[in-house]
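One structure below.
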Amino acid sequence: MKFYPVKVLLFVWISAFYTSCTLLDTTPVVVSTNANFVSLTFAASQTADANVSKAFFTVAEYDAQTKDSIIVNLDSLPYRTSIEKVIPTFRFNSTAGTYVHRVDSLGAFRDSIGLTGKDTLDFRRVVKVTNIASDKLTRVSYRIKVNVHQVEPELYQWNKVVSQLTSDMGLIHKAVMLHDSVFLFNATNGSIALYKSKDAIQWDSKIMVSNLPADAPLRNMVVFNNKIFLVYNDTLLYWTADGVTWTKGEFSTEAYLFKNLLFGFRDKLWAITQTKTDSKYHFARSSTGASWEILSQELPANFPVREYAALAFVSRVNYPKVLVAGGFNKEGALLSNVWSSEDGINWFDFSTENKTFGVRSASSIVAYDNKLLVFGGFKANNQFCDSLYMESADEGLSWKVPDTLTNRIRKPIYTITATKADTTYLTYEKRAAQSVLVDNNQNLILIGGVNNEPNPFADVWKGRLNKLVFIRQ
């Protein structure tokens, strides 16, 4: 083996040179004074609730009273998520040590412990965290709040807010939303009265409506472009912007008859018409209600012409759609068909694939919480439908009875005596032809209706889904 003494000496010299440079370097080491919060994530211990990993924490505003900022998850964890056994991972800009401060079940200070990164903590008791920066002098404290929903988000809260809106409620009545208010029209004693309310609880005194026929088919009212429209006697179209003063449009010279209104959809008011020459039924649409375009194609077989439920809504993917369900066809047959369309021209009959809607007339459908809800209805021989309250999660294709543990129309009545506390319920009575509305505060409003004797109802119920009205708790 050859030996190269020159190369060895050169290597030793270079090593000594770099070593001497390092020893002579007097640049001071910078120690961070930044102890601020970066992030917090949760992991569950083996016996804990895996939902804790869904928590996303941020630093909320500085609290001048406590002189602390708050680490908080603004979007609450799911209802009943357990936070008793949580493994937290804190990240700060720098740290020489982090401590959490805990209280007992009464809120009194218990202790402070240093975090190791493997700690399992009960975050019902953790109230504050203190971090010390790398300089071992600067420290920052944050209060900690872990939000967990305290109310079942899928629970509907119902209440009977009015027992008897009027003592003379007629069999024919209808409520609609107009100008962010509820307008209830009631035909009784040969006249029509209007009742208005902002919240469906407090109602203004009735106003008599003089220029609308007393036998007008109030149930067929449709709201379009901030006006209420109504067809009468096949050739007259009435509309109003205030519910009191109605304008009459005369169409007796046209080649068609108005059989019914459908909905407002894609900036048009839609109707069912019948041509005078051949008695065939067609869809029609209008931008104002003053002039109409009669579409060439006929109504599909088994498309309803009266006592149907119709709805224009926006799908989950923000696409406008319409639905027409149940009712009677032109031959007078009671239908179970559910028709869906995205343009008002091409229609699809869901009932060819799914029969869960059932035969039904005089029902009402609304869109709520990305679902469709149907209320009330008669089946054959004017008997109540088997299921008077159903929901569809697939835009009308299939229908089912809601889970009665979370969605039952009833009002709890609490009774407390010296010996016990008891809860009974006031239940929503079976009916059809009720008005069903959704206000701007995500309240469902049920007004009136008729039973199968027939007798009218004059009550008002309000309900709402918890998760639509709370953001954080």
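A compact table of results
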quantity: Residues of the range 360-380 that turn out to be surrounded by fewer than 18 Cβ atoms within 10 Å (Cβ to Cβ), charged (D, E, K, R) and farther than 18 Å from Val438 by Cα, as a count; calculated: 1
quantity: Residues of the range 133-152 classified as at pLDDT below 90 and touching a Phe, Trp or Tyr at 6+ places or on another chain (Cβ under 6 Å), total; calculated: 2
quantity: Enumerated strands (runs of 3 or more DSSP E) restricted to the range 344-429, each holding at least 2 residues that are at pLDDT 90 or above and under 30 Å from Leu295 (Cα atoms); calculated: 347-349, 364-368, 371-375
quantity: Identity of the residue in the range 381-404, of a type in the set (Asp, Glu) and in contact with a Lys or Arg (Cβ under 7 Å, 6 or more places away or on another chain), that ends up surrounded by the fewest Cβ atoms within 10 Å (Cβ to Cβ); calculated: Glu391
quantity: Residue that is surrounded by the fewest Cβ atoms within 10 Å (Cβ to Cβ), among those in the range 436-466 that are within 21 Å of Lys379 (Cα to Cα) and polar (S, T, N, Q); calculated: Asn455
quantity: Residue match in the range 137-149 (condition: among the aromatic types (Phe, Trp, Tyr) and over 20 Å from the mean Cα position of the chain (by Cα)); calculated: yes
quantity: Members of the range 409-423 that are out of contact with any Phe, Trp or Tyr (no Cβ under 8 Å at 6 or more places or on another chain) and of a type outside the set (D, E, K, R); calculated: Tyr414, Thr415, Ile416, Thr417, Ala418, Thr419
quantity: Test: Leu405 is under 21 Å from Pro304 (Cβ atoms), among the hydrophobic types (A, V, I, L, M, F, W, C) and not assigned by TED's automatic domain parsing to the domain that holds Ala325; calculated: no
quantity: Qualifying residues in the range 331-346 (those that are within 18 Å of Trp270 (Cα to Cα) and in contact (Cβ under 8 Å) with a residue 24 or more places away in the chain) - the one surrounded by the most Cβ atoms within 10 Å (Cβ to Cβ); calculated: Val338
quantity: Residue match in the range 276-298 (condition: among the small types (Gly, Ala, Ser), in contact with a Leu (Cβ under 6 Å, 6 or more places away or on another chain) and on the phi > 0 side of the Ramachandran plot); calculated: yes
quantity: Candidate set: the range 191-212, residues that are touching a Ser or Thr at 6+ places or on another chain (Cβ under 9 Å) and among the hydroxyl-bearing types (Ser, Thr, Tyr); chosen: the one surrounded by the fewest Cβ atoms within 10 Å (Cβ to Cβ); calculated: Ser210
quantity: Out of Ser76, Ser112, Ser94, sole residue that is assigned by TED's automatic domain parsing to the domain that holds Ser134, touching a His at 6+ places or on another chain (Cβ under 7 Å) and at pLDDT 90 or above; calculated: Ser112
quantity: Strands (runs of 3 or more DSSP E) wholly inside the range 60-160 containing at least 1 residues that are crowded, with 18+ Cβ neighbours inside 10 Å; calculated: 69-72, 86-92, 97-103, 126-132, 139-145
quantity: Considering residues of the range 163-175 that are in contact (Cβ under 8 Å) with a residue 60 or more places away in the chain and surrounded by 18 or more Cβ atoms within 10 Å (Cβ to Cβ) only, the residue nearest to Lys54 (Cα to Cα); calculated: Ala175
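Conditions tested, residue by residue: (1) under 17 Å from Lys160 (Cβ atoms); (2) under 17 Å from the mean Cα position of the chain (by Cα); (3) free of Cβ contacts under 8 Å to residues at least 60 places away in the same chain.
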| site | (1), (2), (3) |
| --- | --- |
| Lys379 | no, no, yes |
| Met390 | no, yes, yes |
| Leu397 | no, no, yes |
| Leu405 | no, no, yes |
| Arg408 | yes, yes, no |
| Ile416 | no, no, yes |
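The values are calculated or read from the model by the stated rules, or taken from the named source; none is laboratory data. All values reported here derive from a predicted model rather than from experimental measurement. Every residue, glycine among them, receives a Cβ derived from its backbone with ideal geometry; neighbour counts consider all protein chains shown.
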